[in-house]
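Structure first, commentary second.
The values are calculated or read from the model by the stated rules, or taken from the named source; none is laboratory data. Just so you know, these numbers come straight off a predicted model, no measurement behind them. Backbone-built Cβ (ideal geometry, glycine too); neighbour counts: all protein chains shown. The protein model used for the area step is the full one, side chains on, heavy atoms only, and it has no ligands, DNA or RNA in it. Shrake-Rupley method; radii C 1.70, N 1.55, O 1.52, S 1.80 Å.
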Amino acid sequence: MVVQLGESFQYLSGGHLRATAHCVKSSKTPDITRETLALFMDWMPEEIMKLPEYTRPYSEVVHTPFLPEGVPELEGRMKGAKHYRDFSINTFRAYYSEKVTQNLLLIKCMFLFT
């Protein structure tokens, strides 16, 4: 079993826990598939993104070494993020166009409140 921690855990742990730098890519060989059973757990949108009292220096908390190409750094997506909702929106915008971001957020909200 593999457990990967996400960036929100990295931030809310004050940098004591580190997110796993990764990027999922499909195989270039047509006869090979990637089989995964993933369980994603999100914070509530209103969750305040507050550093704990025992936090490391901010530059260490948001430091994300070894990111795969094309993965935006955590520090840029945390700017102006008071709540988890803000962080999610910043993350979607860093990866996708504005129209795609709006559609993804709408789908995510549908699942949160059903």
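Assign unit charges at the C-beta atoms only (+1 for Lys and Arg, -1 for Asp and Glu), then state the dipole size of region 1-62 relative to its Cα centre in Debye, rounded to the nearest 20.
On the way: 6 positive and 8 negative charges, 58 e Å.
Roughly 280 debye, rounded to the nearest 20.
In nm, what is the difference between 0.36 nm times the number of residues separating T20 and L5 and their Cα-Cα distance?
In short, 4.8 nm is gained.
Taking the full set of protein chains and a 1.4 angstrom probe, give the accessible area of V3 in square angstrom, rounded to the nearest 10.
Surface open to solvent at V3 totals about 110 Å².
Taking the full set of protein chains and a 1.4 angstrom probe, give the accessible area of D31 in square angstrom, rounded to the nearest 10.
Counting only protein heavy atoms, D31 exposes about 140 Å² to solvent.
Assign one of three labels to region 1-65, namely rounded, prolate or oblate, based on the Cα gyration tensor with a ≥ b ≥ c the square roots of its eigenvalues; rounded applies when a/c is under 1.5, prolate when it is not and a/b is larger than b/c, and oblate otherwise.
Numbers: a/c = 3.21, a/b = 2.10, b/c = 1.53.
It is prolate, given that a/c is not under 1.5 and a/b is the larger ratio.
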